[in-house]
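Single-structure report; data block below.
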Amino acid sequence: MRGRFITFEGGEGSGKSTHAAMLAHRLKSLGIGVVLTREPGGSPGAEIIRHILLSGLAKPLGAETETILFAAARDDHVRSTIRPAIEQGQWVICDRFIDSTRVYQGSLGLVDPRLILGLERVTVGNMLPDLTFILDVPATVGLARATTRRGKASADRFEGEALEFHEGLRKAYRALAEQEPKRCILVDGRAPRDVVSERIWSIVSSQLHPEPTQTVEEKVAT
């Protein structure tokens, strides 16, 4: 049976990584096979491209070049990690996916959406998310969280953008949630962590129906 694919999206410091990990843990507690991954990255080749992108080395080349690099990383990620896991019946939980490209490079970078969608067809194909959670927080809140999280480390390529850029990200993500309401669920990321986690779990339970996996002993007994 085909596994499920859930992605987490949002601006910097919105809580994507935290809630992706919490959901993965909860699914694993039911005995469900889970692959927790991220973008850019998630496979050996994609992790190399991640360094190039987040270090800012590709920024002088322009948003279109960055889009192509993200697509190259995604292609390796899908082929090496996501597709094999889903075809084996596992659930894949991914911190960022196609919507980050649509928002960061498309809405904010003004890259032609035809290029973005064309690259999606080539790199993603039918491996589209079953469900996407967009964690929504004010840009100032997200940036403050990101600053606390990285400590003395330098801001990465996107964290270092001006406040106006991050406010634009929030608007673009909210617009995306309105455009694709069946797949994209907007969640208020300002609420306490446990409250957000329970809302996410409630939606996953009602829409994707995760069921506890029987142990070998239980299967024999039945």
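Values as computed for the structure displayed
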item	result
Elements of type helices (runs of 4 or more DSSP H) in segment 1-87, at least 1 residues being touching a strand residue (DSSP E or B) at 6+ places or on another chain (Cβ under 8 Å)	16-29, 63-77, 83-87
Criterion (in contact with a helix residue (DSSP H, G or I) (Cβ under 7 Å, 6 or more places away or on another chain) and at pLDDT 95 or above) met by exactly one of 87, 120	120
Which listed residue is surrounded by 14 or more Cβ atoms within 10 Å (Cβ to Cβ) and assigned to a helix (DSSP H, G or I), from 199, 190	199
Single residue of 92, 111, 103 found to be in a helix (DSSP H, G or I), touching a helix residue (DSSP H, G or I) at 6+ places or on another chain (Cβ under 7 Å) and either modelled with pLDDT of 95 or more or basic (Lys, Arg) (or both)	103
Filter pass, residue 160 being without any contact (Cβ under 8 Å) to a residue 60 or more places away in the chain, surrounded by fewer than 16 Cβ atoms within 10 Å (Cβ to Cβ) and small (Gly, Ala, Ser)	no
Meets criteria (of a type in the set (Lys, Arg), buried (at least 22 other Cβ atoms within 10 Å of the Cβ), touching a Lys or Arg at 6+ places or on another chain (Cβ under 7 Å) and touching a residue at least 40 places away in the same chain (Cβ under 8 Å)) for residue 38	no
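The values are calculated or read from the model by the stated rules, or taken from the named source; none is laboratory data. None of these values were measured; they are calculated from a predicted model. Cβ sites come from the backbone with ideal geometry, for glycine too, and all protein chains shown count toward neighbours.
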